[in-house]
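To start, the structure under review is shown below, and the notes come after it.
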Amino acid sequence: MIEPHGGELINRVLSEEGRSRVNIDSLYKFVISQEQIKDVQNIAHGVYSPLTGFLREQDYSRVLVEMRLVDGTVWPIPVYLDVKENDYQQLKSENSLVLVDKEHKPIALLEGIEFYPFNKTIHAKLIYGTLDRKHPGVDNIYRQGDYLVGGDIQLLETENDLFPEHNHYPEKMRQLFQFRGWNKIVAFQTRNVPHCGHEFLQKHALQQVDGLLIHPVIGQKKADDFADHTILTSYELLIEKYFPKNKVVLGILPLKMRYAGPKEAVFHALIRKNYGCTHFIVGRDHAGVGGYYQPFEAQEIFDQFEPDEIGIEILKYPEVVFDKYSQRHCFIHECEEKHRTNFSGSLLRKHIEEKTTPPHHMIRPEIYQFLTGADNSLIEKMQVDFNGGTKHKGFVIWMTGLSQSGKSTLADKLYEVLIQKGIKSERLDGDIIREYLARDLGFSPADRDENIRRVGFVAKLLARNGVAVISSFISPYKKQREELKIGIDNFLEMFIDTPLEICEKRDKKGVYAKARTGEIKNFTGISDPYEVPENPDLHIKTEEDDIKNHIDRTVQFLEEKNLI
C-alpha cells in the first residue's frame with residue numbers, strides 16, 4: 001500500500017494510561033471552535049501526516065513562501081491555531097495548554113508551544129493570491145486573532161460522532177481498502193451534491209483502478225454550499241443505484257474548506273495519499289470560488305513538484321459537458337462547440353430552490369426528488385428528519401442464524417419491547433425485504449450478497465437518523481457481515497445459535513426436506529455453508545433459555561452500551 005506523506009502515518013492519540021497521568025487541572029484551558037477541533041483530530045489521526053501539531057513559526061513561514069516544511073517536505077497550506085490579543089497576554093508564559101470545547105470538555109494537550117505574530121495581509125496574499133474581503137478565505141483570515149501558537153498535539157478526546165458510519169480516519173480506511181483487496185484507489189473530492197458530470201468523471205477514473213473513494217468535505221463552507229447530510233444522502237442514493245457493486249466507498253473528510261484553489265488542491269491530494277489512495281482527481285476549478293483562480297490552475301500547480309515529492313498520481317481531467325447531438329456526456333474536446341451544454345452549479349441550485357425539473361442530463365431523478373422533497377416512495381420510507389434529534393443513538397441489531405433458528409420470533413418481540421419503551425424502531429425481515437426490495441434476486445451466493453447489501457443500505461440510513469433497526473436475516477457469509485460492520489455505526493451482530501436438527505424439526509413448510517432431496521438448491525446448512533460468527537456481540541442459544549430471558553439480556557446489553 002502507498003506510504004503516507006513523509007513516510008509515517010502519524011498517531012498522536014494519547015493512550016488511556018497516558019491520559020491518566022495528565023494533570024489537567026494544573027494547565028491553562030484554551031477554548032477552540034468546532035472547526036479547530038476537527039484540525040486537532042486530523043493531526044492526531046494522521047490525516048495531516050507528517051504534521052504532529054499546529055505549525056511553529058519556522059515551518060509556518062516556509063510553508064507560506066515555499067509550500068514546504070523546514071525539512072523540505074511538500075506542504076502547501078499552514079495548519080495553525082490563532083489566538084486573540086487578550087488570550088495571548090494570559091498564555092504567553094505557558095509551555096503547555098489544554099484545548100477544550102465550548103463546554104470546557106478537554107479535547108487535547110498542546111505541548112512545547114511557541115507564540116508568534118500573525119501577519120494577516122501576507123498570509124492572505126500568499127495563500128489566496130488576493131486581499132479582497134469578498135473571498136471567503138480572506139474574510140475568514142481577517143476575523144482571526146493577531147497571534148498564532150504552534151505546538152505538538154496529544155489527543156485526549158477520541159469520540160467520533162460526526163457521521164461515524166462514514167468517518168474513517170486513515171488507519172481504518174487503509175484497512176478497509178485491504179479488506180476489499182484494492183491496491184489502486186482513486187479519490188474524488190467534493191463539497192456538492194452529485195450531478196451527472198461528476199458521475200461521468202468518477203466512472204471514467206474508476207476504469208483505471210480497483211476502487212473509488214468518494215470523499216466529500218464535511219465542515220464549514222460558504223453560505224450557498226449544500227448541507228453535509230444532503231451531500232451524503234445524495235451520494236448514498238447514487239452509489240446504490242448507479243455504480244458497480246463493491247467498487248465504491250463513501251467516506252467523509254472532516255475539515256473546513258479554505259477556498260485556496262491551487263494550493264488547496266495539493267493539500268487535498270496529500271491528505272488522500274494519507275488515507276491510502278494512489279490517485280486523485282483534479283478537475284476544473286478545484287477548491288476555487290468566485291473566479292479568483294484560472295479554471296485549470298489547480299492542475300498546473302502540480303507541475304512545480306517532482307512526482308515522488310507528491311507521491312500520489314494526479315488525474316487531470318478536462319471539463320465534462322453534455323453533447324446534445326449524440327446525447328451523451330463527454331469531455332469538452334470530444335464535442336463540437338455548437339453541440340455543447342456545460343454544467344452549471346448555480347443553475348442546478350436554481351432548479352432545486354424553485355422545484356423546477358432540470359434537464360435529464362443534469363442530475364439523476366432520484367437525487368433531484370430527494371433534494372426537493374418530491375414524492376419518492378423509497379426515500380419517504382427511509383428518510384428521517386435530520387434536524388429533529390432523538391433521545392437515543394441509532395443502531396442496528398443484526399440477527400443471523402439458520403432458517404427456523406428463531407430469529408424472527410426474537411426480532412418481533414424485541415421490536416415490541418423497544419416500541420413500548422418509546423424508542424423509535426424499525427423491523428427489517430428477510431421475507432418482507434424479498435417481497436419489496438429483492439424480487440429480482442434468487443439464492444445464489446452472488447444474489448445473497450446483493451440482498452444483504454441492499455438491506456444494509458436501508459439499515460444504515462435508518463440508524464444514522466436515530467432509529468433502532470432490528471434485522472433478521474440468515475446472512476450466512478462472514479464477509480457479508482464484516483462489510484456491514486465496517487459501514488454501519490453501532491452495528492451489533494447477534495448470533496441466534498440453534499442446532500440444525502432443531503431447525504429441521506421446527507420446519508413446517510418442509511423446505512429442509514426439499515433441500516435434502518435436492519429440490520431446493522443452495523440452501524443454507526444443507527447444500528450451502530453457514531459461516532458461524534466468531535465474535536458476535538450477543539450469542540443467543542435458543543435451547544438454553546426462554547425468549548423472555550433472551551430479550552431481557554438483549555435490552556440490558558443495549559443499556560450498558562448507552563444505546564437506549
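Readers should treat all values here as calculations from the given coordinates under stated rules, not as data from a laboratory. All values derive from a computational prediction rather than experimental measurement. Here Cβ is always computed from backbone atoms with ideal geometry, including for glycine, and neighbour counts include all displayed protein chains.
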(message) Which order do the peptides 73-85, 27-39 come out in when sorted by mean C-beta neighbours inside 10 angstrom, highest first?
(response) 73-85, 27-39
(request) Give the peptides 271-280, 313-322, 507-516 in descending order of average Cβ contacts within 10 Å, highest first. (result) 271-280, 313-322, 507-516
(request) In square nanometres and to one decimal, what's the mean projected area of the convex hull around the Cα atoms of segment 170-377? (result) 12.3 nm²
(message) Helix 170-179 against the longest principal axis of the chain: what's the angle in degrees, Cα atoms only, rounded to the nearest 10?
(response) 40 degrees
(request) Of the DSSP beta bridges with both residues in the chain, give the percent that are antiparallel, rounding to the nearest 5. (result) 40 percent
(request) Can you tell me how much longer the chain between R328 and D447 gets when fully stretched, taken as 0.36 nm per residue apart minus their C-alpha distance, in nm with one decimal? (result) 39.7 nm
(request) Compute the semi-axes of the equivalent ellipsoid of the chain, taking the square root of 5 times each eigenvalue of the Cα gyration tensor, and list them largest first in whole Å. (result) 45, 31, 21
(request) Find which of G150, G53, L131 sits farthest along the positive direction of the dipole of segment 16-155, computed with +1 on the beta-carbon of Lys and Arg, -1 on that of Asp and Glu, about the Cα centre. (result) L131
(message) Helix-only estimate, please: 222 nm mean residue ellipticity of the chain, summing -39500 (n - 2.57) across DSSP H runs of length 4 or more and dividing by its residues, to the nearest 500.
(response) -10500 deg cm²/dmol
(message) Pairwise over distinct Cα atoms, reciprocal of the mean inverse distance: report the Kirkwood radius of segment 16-155 in Å, one decimal place.
(response) 15.7 Å
(message) Quick check: pseudo-label points 7 Å beyond the Cα along Cα→Cβ at R133 and R68, how many nm apart are they?
(response) 3.7 nm
(message) For segment 112-200, what are Rg and Dmax over the alpha carbons, in angstrom?
(response) 19.4, 49
(request) Rank by packing, highest mean first: peptides 328-339, 361-372, with packing defined as the count of other Cβ atoms within 10 Å averaged across residues. (result) 361-372, 328-339
(request) Could you please state, rounded to a whole Å, how far the C-alpha centre of segment 474-503 is from the C-alpha centre of segment 521-564? (result) 8 Å
(request) Using R₀ = 35 Å, calculate the FRET efficiency as 1/(1 + (r/R₀)^6) where r is the Cβ-Cβ separation of E336 and I419; round to 0.05. (result) 0.05
(message) Given N residues in segment 395-560, what is its alpha carbon radius of gyration divided by 2.2 N^0.38 Å?
(response) 1.00
(request) Work out how much length T158 to E35 would gain on full extension: take 0.36 nm times their residue separation and subtract the Cα-Cα distance, in nm to one decimal. (result) 42.7 nm
(message) Between segment 266-312 and segment 342-359, how far is it from one alpha carbon centroid to the other, in angstrom?
(response) 28 Å
(request) Set the Förster radius R0 to 51 Å, insert the Cβ-Cβ distance between E85 and E560 as r into 1/(1 + (r/R0)^6), and round the FRET efficiency to 0.05. (result) 0.60
(request) Set Lys and Arg Cβ to +1 and Asp and Glu Cβ to -1, take the dipole of segment 107-220 about its Cα centre, and tell me which of I185, N140, G197 lies farthest positive. (result) G197
(message) Greater than 22 Å separation of Cα atoms is the criterion. Which listed pairs, K105/K172; K38/K102; K172/K241; K485/K505, meet it?
(response) K105/K172; K172/K241; K485/K505
(message) For a Förster distance of 25 Å, can you work out the FRET efficiency between the beta-carbons of M1 and H229, rounded to the nearest 0.05?
(response) 0.20
